[in-house]
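Here the structure comes first, spelled out in structure tokens, and everything after it is commentary.
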Amino acid sequence: MSEVGEPEWRVLAAISSLLILDALFLGIAPSGPWDDKSFSRGIIGLVGASMGYVAWYRATFRRSGLIPWLDLWEDPRSTAKLELGVAIFLLVCSWVAGNQLQPYLPDPTGLLLSLVAMLMILQSLYVLLSLGPLNEN
């Protein structure tokens, strides 16, 4: 750890990158309980994405946890707008992954990317509504 109380995120980010790289491109996975390598690749990808989220949270907010409360954000309005833009881009990427790149990626890649994009859209809209029409102040 670089500072007292600041959680380490670099190791999680490195492991996450390796797991996602393996799930998307390398395909090194056991056959799994159903004799299906794609199931194991999907689990490896999900674990990698989860570890990546934890690493992002620790690097961004410099604390352990999983939920990005509004009081942790420096500029919630502009960050929510940026997040909304990234989510829409990710939604387009999920369409491409589910259509044009489908033969090259594991089957549920487009579905999982669209799930993450929809969750990001939900969070960014929540932040924008909390700061705007639903603000109690």
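Throughout, read-outs are computed from the coordinates displayed, never taken from laboratory work. These numbers come from a predicted model, not from an experiment. All Cβ positions, even for glycine, are placed from backbone atoms using ideal geometry, and neighbour counts span all protein chains on display.
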request  = Subtract the Cα-Cα distance of Leu82 and Trp95 from 0.36 nm times their separation in residues, and report this length gain in nm to one decimal.
outcome  = 2.7 nm
query = What distance in nm separates the simple spin-label points at Leu129 and Ser38, each placed 7 Å from Cα in the Cβ direction?
reply = 3.6 nm
ask   = At what distance in nm do the modelled label points of Leu18 and Glu136 sit from each other, each positioned 7 Å from its Cα along Cα→Cβ?
value = 4.6 nm
remark   = Taking alpha-carbon centroids only, region 1-42 lies from region 118-134 a number of Å equal to 30 Å
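Stretched out fully, how many nm does the piece from Leu111 to Trp73 gain, at 0.36 nm a residue minus the Cα gap?
Numbers: separation 38, 0.36 × 38 = 13.68 nm, distance 2.89 nm.
That pair, Leu111 and Trp73, stretches by 10.8 nm at full extension.
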Calculated P(r) tail over 28 Å for the chain, as whole % of Cα pairs = 29 percent
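Can you list the DSSP H helices in the chain whose Cα atoms extend at least 24 Å along the helix axis and whose mean Kyte-Doolittle hydropathy is 1.6 or higher? If you can, show how the numbers build up before the last one.
On the way: long enough: 37-61 (36 Å, 0.52); 76-98 (32 Å, 1.11); 109-131 (33 Å, 2.10).
Sorted by number, the helices that extend far enough and score high enough are 109-131.
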key: Under 14 Å, Cβ to Cβ, from Ile28 - net charge with Lys/Arg +1 and Asp/Glu -1   = +1
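Looking at the calculated P(r) for region 1-65, what percent of the C-alpha pair distances fall above 19 Å?
On the way: 815 of 2080 pairs.
The calculated P(r) of region 1-65 puts 39 percent of pairs beyond 19 Å.
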